[in-house]
Every structure is written in C-alpha cells, then in structure tokens.
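Undergrad: Let me give you the structure first, and then I'll get to my questions.
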Amino acid sequence: MDDCIFCSIVDGEIPSYEVYEDEATYAFLDANPLASGHTLVIPKAHHERVNDMPATVAGAVGRTIATVAPAAEAAVDATASTIAYNNGEAAGQEVPHVHAHIVPRSPDDGGQPVHALFGGPGEADDAELAAVAEDVAGQL
Ligand code: 5GP
Ligand code: ZN
C-alpha cells in the first residue's frame, strides 16, 4: 500500500535489519528497540489490524512469531520475551500495518508484565465473567 512504512520495508524501498522472511511474513529489528533484539513480525500483505487478517495470514504470522521469538531470546541471552500487538490506535498502535512486537526479557531488566499497563489484575465475579463470555462468543 502507498504511504505505508512497513509496506515500503517489505518492498525494500526503506532499509531494515532483516532477521527472517518467508512467503507471507517478514521479521526485522525495531528501529527504536525497547531491548536488544526487539523484533517486529509483519504480514507482507497490508492489513491494518489483527482483526483484518485472513486466517491463513494470521496463522503464518503466528508461526513466524513462534520461530523468531526463541532466536531473538537466544541471540541476546534473554530468558523470556514479551510478545504483544498494539491492536488499534486506542491501544497505542502508531504504524497502521499489523505488527507483533517480540521484546526479549531478563529477570533483572526492570520491565513489567503486560498487566502493569492496567495497574495490575482486575476483578470480576462469576456472573459478570459468564455474561461477558456469552457476549464475546455471540459476536463470533
Ligand atoms: P506501534 O506503536 O505501532 O505498535 O509500534 C511501531 C514500531 O515501529 C515502533 O516500535 C517503532 O520504533 C517502529 N518503527 C517505526 N518506524 C520504523 C522504521 O522505519 N523502521 C523500523 N525498523 N521500525 C520502525
Ligand atoms: Zn502496509
């Protein structure tokens, strides 16, 4: 797509530090790493959000994440990684071409779990959980 930074990276018009490529996906280093080895995994085709990916593309992205995460960890001697999507503008997505962040983690890196975004675990009783589960399932 014109005017998409990540489409331009896939096309080679903007340089990037490639770590992996296959028919449907591309993985490259984030230019502003949150930790050494911070890697982005994207579909080669332009889809704005996770919600927009056809199942085959989503599957390919998932496989690439599973391939690249252990390699990114091993490359920087990390013992874990945070894997996350900012899925939509309200969630902090800045580049509107779906991308998974793989950020290598270590016990002493001072980082937090994803739960820290919301100040820790929330609370809901069984009735609320059951109602929300029914609502979500009803949308599928
Ligand atoms: P978002 O906030 O959309 O989830 O994350 C976008 C990410 O893309 C950021 O972490 C940012 O550093 C990275 N990024 C933005 N522009 C470029 C670029 O031109 N090249 C690379 N390699 N990363 C980029
Ligand atoms: Zn794009």
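Undergrad: Scan segment 98-140 residue by residue and report those that are touching a strand residue (DSSP E or B) at 6+ places or on another chain (Cβ under 6 Å) and either within 16 Å of ligand 2 (Cβ to nearest atom) or basic (Lys, Arg) (or both).
TA: 99, 100, 105
Undergrad: Also, quick follow-up: Across segment 89-120, what is the total count of residues that are among the hydrophobic types (A, V, I, L, M, F, W, C) and either farther than 30 Å from residue 1 by Cα or more than 16 Å from ligand 1 (Cβ to nearest atom) (or both)?
TA: Residues in segment 89-120 being among the hydrophobic types (A, V, I, L, M, F, W, C) and either farther than 30 Å from residue 1 by Cα or more than 16 Å from ligand 1 (Cβ to nearest atom) (or both): 4 in total.
Undergrad: Restricting attention to segment 87-113, which residues are under 24 Å from residue 70 (Cα atoms) and in contact with a Lys or Arg (Cβ under 7 Å, 6 or more places away or on another chain)?
TA: Once the filter is applied, which keeps residues that are under 24 Å from residue 70 (Cα atoms) and in contact with a Lys or Arg (Cβ under 7 Å, 6 or more places away or on another chain), segment 87-113 yields 87, 98, 111.
Undergrad: Would you list the strands (runs of 3 or more DSSP E) that sit entirely within segment 1-71 and hold 3 or more residues that are within 11 Å of ligand 1 (Cβ to nearest atom), in contact (Cβ under 8 Å) with a residue 24 or more places away in the chain and surrounded by 18 or more Cβ atoms within 10 Å (Cβ to Cβ)?
TA: 39-43
Undergrad: Residue by residue through segment 115-140, note down the ones that are of a type in the set (A, V, I, L, M), within 24 Å of the chain's Cα centre (by Cα) and assigned to a loop (DSSP other than H, G, I, E, B).
TA: 140
Undergrad: Are any residues in segment 1-29 more than 16 Å from ligand 2 (Cβ to nearest atom) and touching a strand residue (DSSP E or B) at 6+ places or on another chain (Cβ under 8 Å), and if so, which ones?
TA: Listed by number, the residues that qualify are 17, 18, 19, 20, 29.
Undergrad: Starting from segment 92-116, take each residue that is closer than 22 Å to residue 60 by Cβ and list its partners that are among the acidic types (Asp, Glu) and within 16 Å of ligand 2 (Cβ to nearest atom), counting only C-beta distances under 6 angstrom and pairs at least six apart or across chains.
TA: Partner pairs satisfying both residue conditions: 96/48.
Undergrad: Inside segment 16-30, can you point out the residues that are of a type in the set (Gly, Ala, Ser) and touching a Leu at 6+ places or on another chain (Cβ under 9 Å)?
TA: Residues satisfying the conditions are 16, 27.
Residues checked against (1) of a type in the set (Gly, Ala, Ser); (2) farther than 25 Å from residue 26 by Cα:
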{"site": "54", "(1), (2)": "no, no"}
{"site": "69", "(1), (2)": "yes, no"}
{"site": "78", "(1), (2)": "yes, no"}
{"site": "83", "(1), (2)": "no, no"}
{"site": "99", "(1), (2)": "no, no"}
{"site": "104", "(1), (2)": "no, no"}
{"site": "116", "(1), (2)": "yes, yes"}
{"site": "122", "(1), (2)": "yes, yes"}
{"site": "126", "(1), (2)": "no, yes"}
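Undergrad: Restricting to segment 30-58, and then to whatever is within 16 Å of ligand 2 (Cβ to nearest atom) and among the β-branched types (Val, Ile, Thr), can you tell me which residue is nearest to residue 82 (Cα to Cα)?
TA: Top of the filtered list is 41.
Laboratory data are not the source of any read-out in this text; all were calculated from the coordinates shown. Because the structure is predicted, anything quoted here is derived from the model rather than measured. Backbone-built Cβ (ideal geometry, glycine too); neighbour counts: all protein chains shown.
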